1. Only residues in the stretch 24-50 that are over 17 Å from Ala161 (Cα atoms) and open to solvent by 40 Å² or more (accessible area, probe 1.4 Å) count as the first member; pair them with residues that are assigned to a loop (DSSP other than H, G, I, E, B) and within 16 Å of ligand 2 (Cβ to nearest atom), Cβ under 6 angstrom, at least 6 apart or cross-chain, and list the lot.
2. What's the total number of residues in the stretch 101-135 that are of a type in the set (A, V, I, L, M) and either over 25 Å from the mean Cα position of the chain (by Cα) or open to solvent by 70 Å² or more (accessible area, probe 1.4 Å) (or both)?
3. Select from the stretch 223-239 the residues that are assigned to a strand (DSSP E or B) and not hydroxyl-bearing (Ser, Thr, Tyr) and list them in ascending order.
4. Please tell me if Arg180 is within 22 Å of Gly340 (Cα to Cα) and either open to solvent by 10 Å² or more (accessible area, probe 1.4 Å) or within 12 Å of ligand 1 (Cβ to nearest atom) (or both).
5. Select from the stretch 269-286 the residues that are surrounded by fewer than 21 Cβ atoms within 10 Å (Cβ to Cβ) and more than 11 Å from ligand 1 (Cβ to nearest atom) and list them in ascending order.
6. Could you check the stretch 241-261 and list, in sequence order, the residues that are near ligand 1 (Cβ under 10 Å from one of its atoms) and modelled with pLDDT under 95?
7. Examine the stretch 31-45 for a residue that is away from ligand 1 (no atom under 13 Å from the Cβ), more than 23 Å from Arg330 (Cβ to Cβ) and modelled with pLDDT of 95 or more, and state whether such a residue exists.
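The values are calculated or read from the model by the stated rules, or taken from the named source; none is laboratory data. Please read all numbers here as calculations on a predicted model, not as lab measurements. Cβ atoms come from the backbone with ideal geometry, glycine included; neighbour counts cover every protein chain shown. Quick note on the areas: whole protein, heavy atoms, side chains included, nothing else; ligands and nucleic acids left out. Shrake-Rupley method; radii C 1.70, N 1.55, O 1.52, S 1.80 Å.
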Amino acid sequence: MKEHYDVAIIGGGIIGMSAAYHLAKAGKRVAVLEANEVGKKTTSAAAGMLGAHAEGEGDEDIFFQVGRASQELYEKLTVDLQHESGIDIRKSAGGIMKVAFTEEEKNALCRMQHLSTFQWLEANRVKERLPQITDDIIGAGLIEDDVHVEPYLVCRALWQAAVRYGAVVQEFTPVIEVKRDKEALTVKTTSGTLTCRDLTVASGVWSGRFFEELGLSHSLYPVKGECVSVWNSGPALKHTIYHEHCYIVQRDSGKLVIGATMKPDDWQTVPTLGGVEAVIQKAAQLMPSIKEMAIDQCWAGLRPATSDKHPYIGRHPEDERILFASGHYRNGILLAPITGEIIRDLIINQHVKEEWLHAFRIGRKEASLV
Ligand code: FAD
Ligand code: GLY
């Protein structure tokens, strides 16, 4: 007889593992099916910034509201995961220093000035906190709440804790087909078949095929990001340095993570020399001394983007047993806790904010295939 689960989850990245953790903790019998190794795809490529302010378009945006809610969830999650998995997810202090080189950039940043979490600093005050920074800036917005975590450690901690709550996680088990009939959903993998009451598709940028096979349109596409890490031979950075799409993040290990390129529709997960060169050039404009530092490694990951840059989180419009949690683009690490809670609440019939479900709904017009 086939094994039966309350919920099967396709994909063991940070989004799938967050859904698994929250559901297993709520008492559901959960199976996660991961094609490769847990957390080793896009999740491992991320810098780990929780950039609710830095990555958004201002506080009016739905992204800001959801991002802030998720950022706040990290407070408790960090403590819970330490307790439940024994893993420290290395949530840093310091936040992001989002720098401005021009008055125009300053004005754009200062649109956040009414927020108590945002502080404009003139160049001399930035220098006091970050002596490594270039002399070319005119100032920076300091956002202390936009801290960072280590993405793979978060994913691993969610995994270990989910297993502690009874979840079954199968690596090297790609899902090849989902069959629907009235009684149950049948999930076919390369190593067997299982049935489930509910199914969540959380296979990142590779979720598109499941939308299509389940009769839905979508606008998912990859935006490749290339990064480099170096060994910081100077004083530790007290804040992440951020400008446009370039950032320098201090890791506890003494490494600096430097990111990242933005290459739409590129499915290659190997970094190119040109990509790495571009990242180094930009980083050196922010922090000239970085050019002298020893290279640790370089890598690339595929951000799961949608045409409106919002994720898909919610139910299949015609089959409520099927849910999606995909398309988290530049912010899947930030949004993992709230996504896990939303998926849990939908499955256990708890209230979820209507405006969030509306913004992230499956089949929304702005995200339909062109
Ligand atoms: P993934 O981590 O890709 O997980 C999906 C999983 O599904 C994979 O493990 C894959 O093997 C599995 N899978 C695929 N097909 C199948 C199948 N058929 N059967 C079973 N399993 C399958 N976000 C932030 O919040 N902060 C950051 O600082 C940040 N920096 C980033 C920097 C870079 C360079 C990049 C590329 C991304 C960054 N992101 C950041 C974005 C973040 O990494 C992603 O949004 C997030 O990792 C998406 O997680 P996921 O679980 O949806 O996808
Ligand atoms: N959020 C950082 C990135 O996607 O590169």
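1. These pairs meet every condition: Lys41/Gly13.
2. 5
3. Within the stretch 223-239, Val223, Lys224, Gly225, Glu226, Cys227, Val228, Val230, Trp231 meet the criteria.
4. Details: within 22 Å of Gly340 (Cα to Cα): no; either open to solvent by 10 Å² or more (accessible area, probe 1.4 Å) or within 12 Å of ligand 1 (Cβ to nearest atom) (or both): yes.
When the stated conditions are applied, Arg180 does not pass them.
5. Listed by number, the residues that qualify are Val270, Thr272, Leu273, Gly274, Val276, Glu277, Ala278, Ile280, Gln281, Lys282, Ala284, Gln285.
6. Within the stretch 241-261, just His245 meets the criteria.
7. No - not one qualifying residue is present in the stretch 31-45.
Matching residues to (1) under 25 Å from Ile347 (Cβ atoms); (2) assigned to a loop (DSSP other than H, G, I, E, B); (3) more than 16 Å from ligand 2 (Cβ to nearest atom):
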{"site": "Leu194", "(1), (2), (3)": "yes, no, yes"}
{"site": "Thr200", "(1), (2), (3)": "yes, no, yes"}
{"site": "Phe211", "(1), (2), (3)": "yes, no, yes"}
{"site": "Gly215", "(1), (2), (3)": "yes, yes, yes"}
{"site": "Ile241", "(1), (2), (3)": "no, no, no"}
